[in-house]
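Below is one structure, written out as structure tokens; the observations come after it.
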Amino acid sequence: MAPHTVFVCAATGCQGGAVARQLRAFGWEVQTTTRNTDSPAAQALASIGVKVYAGDWNDAAALEVAFAGCDLLFLNLMPDMTNFPAEFEQGQNILRIANAVGVTHVVYSSGIDIPPGKSNPFRDTAFKAKKDLERYLSTAGFQYWTNLRPGFFMANLLSPKVNFMYPEAAETGRYTVIFGPDTPLPMIDHEDIAAFAVAAFQQPDRFHGQHITLVSEMVPFGRALETISRATGKNIHAKYLKDDEIDAAMAKNRLLVLQTTLKEVPVSEATDGKSWGIAMGTFERFVEREKTEFLETYRNVEALKE
Ligand SMILES: NC(=O)c1ccc[n+]([C@@H]2O[C@H](COP(=O)([O-])OP(=O)(O)OC[C@H]3O[C@@H](n4cnc5c(N)ncnc54)[C@H](OP(=O)(O)O)[C@@H]3O)[C@@H](O)[C@H]2O)c1
């Protein structure tokens, strides 16, 4: 019998999927919910032995069924772009169910800290829900809790995420950004998030009560695009907005606000994950590993000129 059964939120997604696969690789039981048990992601999880239940995070009855027998929880939610506080409410409800079934350790993946004092509308909306949930978790009565604060996902430069954050980038290879080519982004490989979650479950005493910023590598944005261009042979490039162009661009595309967060993470605060002695990836290695996905994402982009 496996020593633990872990409920993994959003296992059909990027970081939850990595957590589920890494846990299954050494034989722990994994249970999750999805809104579509027929999706390729849900089917792939089922094929490696994950128990995949139909259910929505707003459906307490479905969650209670899916949580039966679980003693650990990887908590990871999605912002509702039309109702940001909903993420906090969903989180509280899931934690109540986890408490009721006797979960002993919750590893919550929230988001990198935006330093106080900077003006960033996202801190007061999407990030507020995550901060509220961090605080709630710390007093929710679990024997162990751990808070992971990942930076900018390397997978944001791949489909399907790239289409959400940079609408035209997958089709044209052109990113419109409010920072410069030398701006270092606090990049995280989702497999590294999973490695920390797994380590926390394995060593609860060491990880209990910790808030851990997770960054695999600080990568200048221009270098990230060059790396993708080299790997794919495609012309991946950026329009770097000038300061006097940013307000007008944000009025047209409010997702550009997300990028202000990236400008405001001090490098020194973005690297403490490494001090845990867990090997972390680099953007180069991420692109090598995901090369097929990069080729597929940018398949319509013109080739680099010789
Ligand atoms: N992208 C970044 O740079 C970054 C950085 C820091 C933090 N984050 C945070 O990371 C989280 C997203 O993680 P991710 O990128 O790994 O996720 P993802 O790949 O976008 O996957 C999200 C998953 O959530 C599930 N889901 C969404 N709404 C649901 C609902 N109402 N009920 C049940 N399941 C639901 C979906 O499952 P089904 O469709 O199968 O139901 C989907 O597989 C967000 O909270 C984001 O703020 C992101």
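The values are calculated or read from the model by the stated rules, or taken from the named source; none is laboratory data. Bear in mind the structure is a predicted one, so any value in this text is a computation, not a measurement. Cβ atoms come from the backbone with ideal geometry, glycine included; neighbour counts cover every protein chain shown. Side chains included, ligands, DNA and RNA excluded: accessible areas come from the protein's heavy atoms. Shrake-Rupley method; radii C 1.70, N 1.55, O 1.52, S 1.80 Å.
Quick notes
- Among the residues of the stretch 160-192, those that are more than 24 Å from Phe74 (Cβ to Cβ) and open to solvent by 20 Å² or more (accessible area, probe 1.4 Å) comprise Asn163, Pro167, Glu168, Glu171, Thr172, Arg174, Thr176, Gly180, Pro181, Asp182, Thr183, Pro184.
- Residue selected from the stretch 79-111 under the condition in a loop (DSSP other than H, G, I, E, B) and in contact with a helix residue (DSSP H, G or I) (Cβ under 7 Å, 6 or more places away or on another chain), by the criterion modelled with the highest pLDDT: Ser110
- Extreme residue, surrounded by the most Cβ atoms within 10 Å (Cβ to Cβ), among residues of the stretch 211-227 that are in a strand (DSSP E or B) and not polar (S, T, N, Q): Leu214
- Val265 being at pLDDT 95 or above, open to solvent by less than 20 Å² (accessible area, probe 1.4 Å) and part of a loop (DSSP other than H, G, I, E, B): no
- Any chance Glu293 is within 18 Å of the chain's Cα centre (by Cα), within 17 Å of Met154 (Cα to Cα) and open to solvent by 40 Å² or more (accessible area, probe 1.4 Å): yes
- Search result, residues across the stretch 126-156 that are open to solvent by 30 Å² or more (accessible area, probe 1.4 Å), of a type in the set (S, T, N, Q) and touching a residue at least 24 places away in the same chain (Cβ under 8 Å): Ser138, Gln143
Rundown of residues vs (1) farther than 23 Å from Ala251 by Cα; (2) modelled with pLDDT of 95 or more; (3) within 15 Å of the ligand (Cβ to nearest atom), yes/no style:
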residue	(1), (2), (3)
Leu158	yes, yes, yes
Gly173	no, yes, no
Gln202	yes, yes, no
Leu225	yes, yes, no
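- Condition met for Ala195 (of a type in the set (A, V, I, L, M, F, W, C), out of contact with any Phe, Trp or Tyr (no Cβ under 6 Å at 6 or more places or on another chain), under 18 Å from Gly277 (Cβ atoms) and open to solvent by 10 Å² or more (accessible area, probe 1.4 Å)): yes
- Residue match in the stretch 82-95 (condition: within 11 Å of the ligand (Cβ to nearest atom) and in contact with a strand residue (DSSP E or B) (Cβ under 6 Å, 6 or more places away or on another chain)): no
- Any hit, the stretch 114-125, residues being within 16 Å of the ligand (Cβ to nearest atom) and at pLDDT 95 or above: no
- The stretch 184-200, residues that are modelled with pLDDT of 95 or more and of a type outside the set (Val, Ile, Thr): Asp189, His190, Glu191, Asp192, Ala194, Ala195, Phe196, Ala197, Ala199, Ala200
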